[in-house]
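Notes to accompany the following structure.
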2 protein chains.
Amino acid sequence: MSAAQNNQWFQEIFSSEGSSFGLKIKGKLAEVQTPYQHIEIYGTETFGNLMVIDGCVMLTTRDNFLYHEMMSHVPLFSHANPQKVVIIGGGDCGTLQECLRHRSVTEVWQIDIDEQVTRLSEKYFPELCTSNNDPRAHISFDDGIKWMKAAKPESFDIIIVDSTDPVGPAEGLFKQDFFENCFKVLKKGGIFIQQSESPLYHMQLIKNMHETLRAVGFSNTHTAPFPQPVYPTGWWSATLAGKGVDLQDFREKDAQQKTFKTRYYNAGIHRASFALPEFMRELG
Amino acid sequence: MSAAQNNQWFQEIFSSEGSSFGLKIKGKLAEVQTPYQHIEIYGTETFGNLMVIDGCVMLTTRDNFLYHEMMSHVPLFSHANPQKVVIIGGGDCGTLQECLRHRSVTEVWQIDIDEQVTRLSEKYFPELCTSNNDPRAHISFDDGIKWMKAAKPESFDIIIVDSTDPVGPAEGLFKQDFFENCFKVLKKGGIFIQQSESPLYHMQLIKNMHETLRAVGFSNTHTAPFPQPVYPTGWWSATLAGKGVDLQDFREKDAQQKTFKTRYYNAGIHRASFALPEFMRELG
């Protein structure tokens, strides 16, 4: 992927898929080269602020709610009693905030390799960072792959892998070694979820994830598609895996009676995210 | 909206929303100025052929199945016994072809104002035009608004409005006069469906459609969102209205046992399309 800008537009080009997406910008607000990646923040005309990492759109003010709500509330309402949650990646703190809306949750660990993602989010996406000082929030800047390898077995209820694309620092997050460690770290009945790219562009990646997650011991797996306008194709997905638990059997009544506001997620959307398009049904 | 091309890319710019979408092209295959609009056909690197009308992406070979399957199978499986269908617009013949897969259907009328859309589709999207010679297909090039005004009351089971955006020739298709005539032309138990733009960009349009459809007599209305990568935001919708019929009550068993292949639509996706995102629930 590569990016091109002129005075008025930020544009992301998905070279391998021959498509591009652009947002009209008012100006560049920040640019930081960290030891891990190149981060830019733009102000856009109509999508609020925009974070770009290594030329790829990460999030905008306007539409990040779709991704963050699906990455958090689907796994948490799929778990019988989610208490301990770890987010690998997620440095913008949006997923953390959504997880902390659940009253059952006692601890959320956020392990992002790059502190600058969080510092820039605090400044340019403060509405995502309102829970950073919650006593249940544990924000750590560390290598998620190493962290998971070192974590205590059967110590977490939920693992959320909220990463960038499977190139660069996030590549190892799509590999069998990492999945094995995730399986080990989850308690019985635990739920794993990982962003899994576009159903239209990345079916091979999604298939490989299912196979590898089952190979390391997860009893069942499911890919939930959802809209995400600023990502390639505008159609994104998250892949779930259960450790000895049926993913279809979510706490529907609790989701219907949820004690917090959302903009996309609700019990009906949760149920609907288990319907697979015909061309994805081979995932089982 | 406006379009810009260079040697390698076709780009559509959604000025009012400050976003753009592009496809890498191999070359321009055709360009026609008709009495109604400007039509271009491109060959793309990864999306097959691309039809553009007045600078707006209409369809590509790769992803049109999403739109065409939702615009046809949702209304047809929502009807108890769909026999007579009329498509307003739909000149590419993709919706026509999907409707004719239903064995109960005895007649499908396709009323597009611009013959050139169909002629270009026959040449550049032949896979959408395989049913054009079906004896049940009645392809007419006429003004859909006038056609509907002149049509016999209570003569059709299904009306599908497969139009361009609500500017230019299609503007009148989003107005109360047209909806009144559609209501009149449908039999009792009939179903109306119209493409209704992006849930993220066009909620005001969608709300207005619901209000107007109910004002002219439809007993209930629903907007079904679905992915459509080449349209603005990659997230599109169709709005349904029932004439004295509950839209939720579709022929689920028949959809499960459908006698033809699809790539997106199935009974689960149909059911899922009735789940409204939280921010759309005000539509009721």
Sorted by Cβ density within 10 Å, fewest first, the residues B:D165, B:D254: B:D254, B:D165
Backbone N under 16 Å from the B:E122 label point (7 Å along Cα→Cβ), restricted to the stretch B:138-168: B:138-142
Footprinting exposure proxy for A:F156, A:F274 (fewest neighbouring C-beta atoms within 10 Å first): A:F274, A:F156
Dimensions (Å) - the stretch B:2-60, Cα atoms, principal axes, largest first: 31, 29, 19
Choice from A:P82, A:P166, A:P35 with maximal GNM fluctuation in chain A (Cα, 10 Å cutoff): A:P35
Copies compared at A:E282 - label distances in nm, ascending, label defined 7 Å from Cα in the Cβ direction: 4.3
Modelled FRET efficiency - R0 51 Å, A:T259 with B:E45, Cβ distances, 0.05 increments: 0.55
Efficiency of FRET from Cβ geometry, B:Q176 and A:A30, R₀ 51 Å, rounded to 0.05: 0.55
For the A-to-B rotation axis, chain A residue with nearest beta carbon and its distance in angstrom: A:G234, 1
Neighbour-limited loop hits for trypsin sites (Lys or Arg not before Pro), the stretch B:84-186 (at most 10 other Cβ within 10 Å; DSSP other than H, G, I, E, B): B:R103
Using alpha-carbon coordinates, inclination of helix B:115-124 to the longest axis of chain B, degrees: 70
Gain in span if fully extended, A:D249 to A:S104, counting 0.36 nm per residue against the direct Cα distance: 50.4 nm
Two-site FRET efficiency, A:S155 against B:R281, from Cβ-Cβ distance with R₀ of 60 Å, rounded to 0.05: 0.95
Given charges at beta-carbon only (K, R positive; D, E negative), |dipole| of chain A in Debye: 780
Rg/Rg_ref, the protein assembly as shown, where Rg_ref = 2.2 N^0.38 Å and atoms are Cα: 0.98
Exam field: B:G172 pseudo-label spacings to other copies (7 Å along Cα-Cβ), nanometres: 6.5
Cut-off 10 Å between beta-carbons: net charge of the residues surrounding B:V52, Lys and Arg +1, Asp and Glu -1: -3
Shortest-first nm distances, A:T34 label point to equivalent points in other copies (7 Å, Cα→Cβ): 5.2
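Bear in mind that the values in this text are calculations on the coordinates, not laboratory data. Fair warning: this is a prediction, and the values are worked out from it, not measured in the lab. Cβ coordinates were reconstructed from backbone atoms using ideal geometry, including for glycine residues, and neighbour counts include every protein chain displayed.
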